[in-house]
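Undergrad: So that we are looking at the same thing, I have put the structure below in structure tokens.
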Amino acid sequence: MANLTTRFFGLELKTPVIIGSSGLSNSVEKIRLLAQSGAGAIVLKSVFEEEIVNEYKTEFQKQSDDQSNLEFLDYFDYEIKNDRVKNYLDLIQGVKKAGINIPLIASINCASGNEWAFFAKRLAESGADALELNLFLLPSDLNRSAEQVHNYYITTINKVLDTVSVPVTVKLSPYFADLARFIKELSETRLAGITLFNRFYNVDIDLDTRQIVPANVLSHPTEYLQPLRWVGIVSGHVSCDIAASTGIHDYQTALKMIMAGASAVQVVSGVYKHGYDVVKHMVHGMDKWLDQNGIASVSELIGCAGSAKVKNPAMYERVQFMKYFGEFDQSVD
Amino acid sequence: MTTYTEYLKERREQEWREELRKKLKGKERTDQPRVHMPEVDPNERVKSQTVEVNLGLGREEAIKEASRCMDCVNPTCIEGCPVGINIPEFIKNIEREEFSLAAKTLKMYNALPAVCGRVCPQEKQCESKCFYTIKLNKPAVAIGYLERFAADWERESGSMDVPQCAPSNGIKVAAVGSGPSSLSFAGDMVKLGYDVTVFEALHEIGGVLKYGIPEFRLPNRMVDVELDILKKMGVKFVTNFIVGRTASFEQLKEEGFKGFFVGSGAGLPRFMNIPGENYNGIMSSNEYLTRVNLMGANNDEFDTPVLRGKNVAVIGGGNTAMDSVRTAKRLGAERAMIVYRRSRVEMPARVEEVKHAEEEGVEFLNLTNPIEYFADEKGRVNKMRLQLMELGEPDASGRRSPVEIPGATQDIDVDLVIVAVGVSPNPLIPASLPDLKVSRWGTIEVNDGMQSSIPVLFAGGDIVRGGATVILAMGDGRNAAKSMHEYLSDQKD
């Protein structure tokens, strides 16, 4: 049997398959099943600042039948935050009490500057083995410059790094004008790892109602191509571990990501679609493939096809089809 | 059966009220300005924790203000009263100088009018629905001032009656906590002939009325008078007794108690959990006010002091924050500051309390929110970092929400910080009763009759509502008494 141990989150993981942040890990029992399936680590469901704001609204509507308890509700958002942290603490303690041996990673999704540090500290104190910052600003603000966005990330990450002692990783989006340079800059902070990429809520338009509706909640297996390219581009050029995420539904894709340079892969949609067994199949598949190819350890494979190792790294940067489409057009004719 | 609206109509049609309405023309009533509440000079009152700020209306002022009331056909003010006091009737009794009847009218619905006249937010309740407010765009009739006048007159005249009680039925019931909801519960139950015992965890009876509200706003003697009457009616009070610890509910049941009313309030302080909040010199408003109001911390002769500061910051914008900051000023703070993340308009505190605080020299650092505290080498807080805020879109409360201004912070020197960002229900009772159904936030869940998931246990006030005005808490106590009486009567049958 091949050695599947790898490193991410500044931790040694038994296998490179990480369960990404989702509702898959919101109970001790689910975490037990995921651990038994062979997952190397579990990123717990993100604490979303937006959810707290919405819950505050709900509680206000529910509890304030008159203005008499305005004082009680005035700072109730802090109550909700503390409740979220307590739930994390209870879950982590529950897992440890149940003797389930798997690294648990706390995850935060915040929008405002100070909340990151607040949650980071509290969640780190809750016993999480590491912290993942689900850090993203949709570059839709017409008044925010690229420099301001850049500064926001760097300031926030440094603030969190100054606040906690557990390893910290970030899960990034692909929307940066200088993505490769930015990933390199981030890797030179004290971050323990960077995950490429965050998958977002998509919107579509319903032709009948002409209203915006959610689209493609779960990823499709072909979506792996974008992270594969960027993992390959930065592989060998950055100073921290890289993990891949989005569209990884089987062991073959996981292996490709590792060859491109990922130390580990995050999976969510595959588990939602096919159940906990998909993790088992991925782990077994990787193991078998490594054995069949005479490779003793998965670590030997990391980055073997990354831009720093392949003969023609420019392939990762090719964006125009040129001749390819020319041939395609002829076949259509 | 007569509806309440029909009852009000009948009362309005009494001959004396019809005559009184004719005494002045409408314009003569509405042209009169609203009375001003006489107050002690800010420079004087700030020297004392016990000098009441508001002096109360004099006889002539009260009669004049009462004559502003139009005795409306549709008295919308009553809609604004959480317990539906017949407001025009008590006011018209003041106008015709029947002060005793005015007090009696109030007491039909409100067991503690002297308290409510002082601390209820009338501007958000009855006065916000007054004809003057909604139709004339003029200052409302001073319903709160008149309520206080009638109650004070009755007390000072020595004509306070001890209400008649039904013959004892020998059934023992207990009230847990001695705040407004428990007191009104106890009063109603003892009138029905029950053997009522009130258990209080602290050494003083009165709950939040005593430990939470400073004497400069609500003198203890106002509460003591009501307690004396309850005692004369036969209610027993046991202090220093924590139900659930000193004795369990089961033990009390074994002692013969057949019903329980839990009015244990919201005594669990909340904090913001920001860095440095555990430094010395940072405490909850509960601790600060309890030490001063109940434990004599403002008096050097007592052995239960409280930290004093030159630069005192109070976090929050409610009445408790105002009580704390004004107390700090009275304890010698050179700089007493309110730190509140929204603007003045959004503060939950009563307008009058904010005005009084400002007159007494309190500074308002609005649109700021603490994000970190710093300490000296001994661990005593010496600085706080404030995040500057701006107002965003309205939130669920209808108030504009506080939004951080990215990167804008300010450091302020402080040596005492009082955190007054709200309180949570006291967890002792729910923790001692596993079968008791409580909400996610620790409030006891009750039906319309204030009965909990444990049939013999009723509850009201802050332990049910999270936060309640005194009058709402009292309404709960009365509602619970009625329901418990029905429940126990059914059990007996």
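Every number here is computed from the coordinates shown, using simple stated rules; none is lab data. For clarity, every value in this text was computed on a predicted model and none was experimentally measured. Quick reminder, even Gly has a Cβ in these numbers, built from the backbone with ideal geometry, and neighbours come from all protein chains shown.
Undergrad: Of all GluC sites (Glu not before Pro) in the stretch A:172-235, which ones are in loop regions per DSSP and have a Cβ with at most 16 other Cβ atoms within 10 Å?
TA: Counting only loop positions with at most 16 other Cβ atoms within 10 Å, the GluC sites (Glu not before Pro) in the stretch A:172-235 are A:GLU188.
Undergrad: Another question, if that's okay. If you keep only loop residues by DSSP, which trypsin sites (Lys or Arg not before Pro) in the stretch B:322-408 have at most 10 other Cβ atoms within 10 Å of their Cβ?
TA: Filter output for the stretch B:322-408: B:LYS378.
Undergrad: With the contact rule set at Cα under 8 Å and sequence spacing of 6 or more, what percent relative contact order holds for chain B?
TA: Relative contact order here is 14 percent.
Undergrad: With all pairs of different alpha carbon atoms counted, what Kirkwood hydrodynamic radius in Å does the stretch B:4-157 show?
TA: Numbers: mean 1/r = 0.0634 Å⁻¹.
After inverting the mean inverse Cα-Cα distance, the result is 15.8 Å.
Undergrad: Would you look at the GNM of chain A, springs on alpha carbons closer than 10 Å, and say which of A:LEU11, A:LEU228, A:LEU70 moves the most?
TA: So, out of A:LEU11, A:LEU228, A:LEU70, the one fluctuating most is A:LEU70.
Undergrad: Under a crude label model (7 Å from the Cα following the beta-carbon direction), how far is B:PHE302 from A:VAL53 in nanometres?
TA: With each label placed 7 Å out from Cα toward Cβ, I get 4.4 nm.
Undergrad: Right, next: Test of the criteria: in the stretch B:92-144, which GluC sites (Glu not before Pro) are in a DSSP loop and have at most 14 other Cβ atoms within 10 angstrom of their Cβ?
TA: Hits after loop and neighbour filter: B:GLU97.
Undergrad: May I ask you to derive the relative contact order of the stretch A:6-332, considering only C-alpha pairs under 8 Å and at least 6 residues apart, and to give it as an integer percent?
TA: Here the relative contact order equals 17 percent.
Undergrad: How much of the DSSP bridge set in chain A is antiparallel, in percent, rounded to the nearest 5?
TA: Rounded to the nearest five, the antiparallel share is 20 percent.
Undergrad: Given A:LYS14/A:LYS288; B:LYS25/B:LYS92; A:LYS62/B:LYS107, which pairs have Cα atoms separated by over 20 Å?
TA: Among A:LYS14/A:LYS288; B:LYS25/B:LYS92; A:LYS62/B:LYS107, the Cα-Cα distance tops 20 Å for A:LYS62/B:LYS107.
Undergrad: So what is the diffusion coefficient of chain B in µm² per second by Stokes-Einstein at 25 °C and 0.890 mPa s, using a Kirkwood Rh over Cα pairs?
TA: So the translational diffusion coefficient is about 102 µm²/s.
Undergrad: Quick one: net charge around B:VAL464, please, counting Lys, Arg +1 and Asp, Glu -1 for every other residue with C-beta under 9 Å from its C-beta.
TA: On the way: positive: B:ARG465; negative: B:GLU445, B:ASP462, B:ASP476.
Local net charge: -2.
Undergrad: On a C-alpha basis, how far is the centre of the stretch A:149-163 from the centre of the stretch B:430-480 in Å? Whole number, if you could?
TA: 45 Å
Undergrad: Would you mind computing, in nm to one decimal, how far apart the modelled labels at B:ASP228 and A:ARG144 are, each placed 7 Å from Cα along Cα→Cβ?
TA: 6.5 nm
Undergrad: Then there's this: I'd like to know which of A:LEU123, A:ASN134, A:VAL234 lies farthest towards the positive end of the charge dipole of the stretch A:6-332, counting +1 on Cβ of Lys and Arg and -1 on Cβ of Asp and Glu.
TA: A:VAL234
Undergrad: Same structure again: Suppose R0 equals 35 Å; then what is the FRET efficiency for A:GLU188 and A:ILE295 from their Cβ-Cβ distance, rounded to the nearest 0.05?
TA: The calculated FRET efficiency here is 0.70.
Undergrad: Starting from the Cα of A:LYS256, draw a straight line to each of the aspartates and glutamates and keep only those under 18 Å, dropping any in the same chain fewer than 8 residues away.
TA: A:GLU223, A:ASP241, A:ASP287, A:ASP291, A:GLU300, A:GLU317
Undergrad: Also: For every helix of n ≥ 4 consecutive DSSP H residues, a contribution of -39,500 (n - 2.57) applies; sum these over chain B, divide by its total residues, and give [θ] at 222 nm rounded to the nearest 500 deg cm²/dmol.
TA: It comes out at -10000 deg cm²/dmol, rounded to the nearest 500.
Undergrad: Compute the signed sum of charges (Lys and Arg +1, Asp and Glu -1) over the other residues within less than 13 Å, Cβ to Cβ, of B:LEU307.
TA: +3
Undergrad: Over chain A, with a Gaussian network built from C-alpha contacts below 10 Å, which listed residue (A:ASN69, A:ASN109, A:ASN198) shows the highest mean-square fluctuation?
TA: Result: A:ASN69 has the largest fluctuation of those listed.
Undergrad: State the antiparallel share, in %, of DSSP beta bridges confined to the stretch B:269-423, rounding to the nearest 5.
TA: 50 percent
Undergrad: Next question. Please state the charge dipole magnitude for the protein assembly as shown, taken about the Cα centre, from unit charges on C-beta atoms (+1 on K and R, -1 on D and E), reported in debye and rounded to the nearest 20.
TA: In debye, rounded to 20, the protein assembly as shown gives about 520.
Undergrad: Can you give the helix-only mean residue ellipticity at 222 nm for chain A, where every DSSP H stretch with n ≥ 4 adds -39500 (n - 2.57) and the sum goes over all residues, rounded to the nearest 500 deg cm²/dmol?
TA: -13500 deg cm²/dmol
Undergrad: Mind checking the mean number of beta-carbon atoms from other chains within 10 Å of the Cβ atoms in B:462-470?
TA: Mean partner shielding for this stretch: 4.
Undergrad: Right, another one. Let me check I've understood the local charge: for B:GLU200, count other residues with C-beta under 12 angstrom from its C-beta, Lys and Arg +1, Asp and Glu -1. What total comes out?
TA: Details: positive: B:LYS210, B:LYS236; negative: B:GLU204.
Local charge sum for B:GLU200: +1.
Undergrad: Share of antiparallel DSSP beta bridges in the protein assembly as shown, in percent to the nearest 5?
TA: Here the share of antiparallel DSSP bridges comes out near 30 percent.
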